[in-house]
Structures are given as C-alpha cells and as structure tokens.
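The values are calculated or read from the model by the stated rules, or taken from the named source; none is laboratory data. Keep in mind that this is a model prediction, so the values were computed, not measured. In this analysis, Cβ positions are derived from the backbone assuming ideal geometry, glycine residues included, and neighbour counts consider all displayed protein chains. All accessible areas refer to the heavy atoms of the entire protein, side chains included, with ligands and DNA or RNA removed. Shrake-Rupley method; radii C 1.70, N 1.55, O 1.52, S 1.80 Å.
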Amino acid sequence: MKLLATMVLAAVFAAPSFSSHAADAAPAAAPKAAKPDLVKGEQGYTAVCAACHGADGNSAIAANPKLAHQHPEYLVKQLQEFKDGKRNDPVMKGFASALSDEEMRNIAYWLTSQKPKAGFAKDKELVQLGERIFRGGIPDRQVAACAGCHSPNGAGIPSQYPRLSGQHADYTTTQLVAFRDGKRKNNAQMTGVAAKMNDREIRAVADYIAGLR
C-alpha cells in the first residue's frame, strides 16, 4: 500500500510538469493581418485605377469592369494573379506589379465600401434566355446555374465567388469567351462552364447579369 501511495503522489506531481512542457511546445499563433487603411486605399486607387475604372469604382467604359462593392478577397486574388502572370493581361500586370500586398488590400477594401451603380439589360430577345441560364443552367449540357455560385441576385458569395450584378455585359461576355477559349486560365471551374456555352448563350447571360440588382 505504501508503494502504491508513493506512485500515485509521483504521478500527481509529475502531471503539471508534463502540461507545462506541452504548452511550451505549442506553436505561436499567427499574427493578425493589419486592418486595411481606407484612406491609403482611396489614394492608391485614385492614382493607379480610377482612370479606367471610374472615380468610385463604377466604370463608365463597357470594356472595363465595375469594381465598386466587389468582395475584397476576390479583388486581392485577381491583383495577385495579374502580378504573377496567372491571369494574363499586360496592362493589368503593369499596374498590379507596382502594388504591394498591403496596397492591394487597402485598395480592395476601399472599393468594397463604394456604392455600386445599377446597370440594365439591353437585348429583349436574349434576356429571357439569359435568365433561364443564370437561374437554371443548361441541363442537357451539364452547365450549372450561375445563381448557384453567384447567388440569385448576383451578389456572389464573399471570399469565394465575385459579385456580378450590374456588371457591363461587354466585359462579362469578353471574360466568358476568354474562359471558353482558354485565354483566361485562372479558374478551372469557369473554364469548364464556359466551354459548354455558345456565343448566343454567353451574350444572353451577360445581358441578363447587367440588369441584375
């Protein structure tokens, strides 16, 4: 009995020492990213981006995307991929290459804070087809509904899928064709979707997206 009591006491007093060593071995928590500086973001955007994308991120040029109220994670990802060449665009590569990761975040979060301006569909003959594709896909070709990832109103899912509502139809058409033809290669999922769509279907869904709000 005396031997058993001695062993129990030894185990009790040894336990804290074991826990202490385990705690010492635990990895330190990763430092939190600095909070985005919206003032610097606006300054950077005005200097680098506003000429093409509008003073408040609402581009008036149909070939250039509207960026206002876009998800910041998506914007940062695109800028980084322009910079490293994963998304090929010589003009955007030049601008993105001049930005640090911190500057990208500042600009992206400032853009997210900007109010988007609504767009509108133009082609009455195609808009119904566009709505069917956006909401229901093209079942006989296994084309998924756009709404499944970008939400029924085109708001997208933060950090995963971009906001589309109100986007210029010309820009959306260009990007879908680029995905389909293999010119834009930074999203395998979109390449797979666009590869099964013809020109008319792409124009239709792009026109419908322009009028979403």
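Things to note:
- In the set (1) over 22 Å from residue 169 (Cβ atoms); (2) in contact (Cβ under 8 Å) with a residue 24 or more places away in the chain; (3) more than 19 Å from the chain's Cα centre (by Cα); (4) open to solvent by less than 80 Å² (accessible area, probe 1.4 Å), residue 40 fails one condition alone, (4).
- Among the residues making up segment 176-213, a single one is more than 21 Å from residue 132 (Cβ to Cβ), among the hydrophobic types (A, V, I, L, M, F, W, C) and open to solvent by less than 60 Å² (accessible area, probe 1.4 Å): 178.
- For segment 158-172, the criterion of being farther than 22 Å from residue 84 by Cα and at pLDDT below 95 is met by at least one residue.
- Some residue of segment 113-125 being more than 17 Å from residue 52 (Cα to Cα) and crowded, with 18+ Cβ neighbours inside 10 Å: yes
- Test: residue in segment 163-184 that is touching a His at 6+ places or on another chain (Cβ under 6 Å) and within 17 Å of residue 63 (Cβ to Cβ): yes
- Against the conditions (1) in a loop (DSSP other than H, G, I, E, B); (2) touching an Asp or Glu at 6+ places or on another chain (Cβ under 6 Å); (3) at pLDDT below 95, residue 213 satisfies every one except (2).
- Residue check, residue 155 at pLDDT 95 or above, surrounded by 17 or more Cβ atoms within 10 Å (Cβ to Cβ) and more than 14 Å from the chain's Cα centre (by Cα): no
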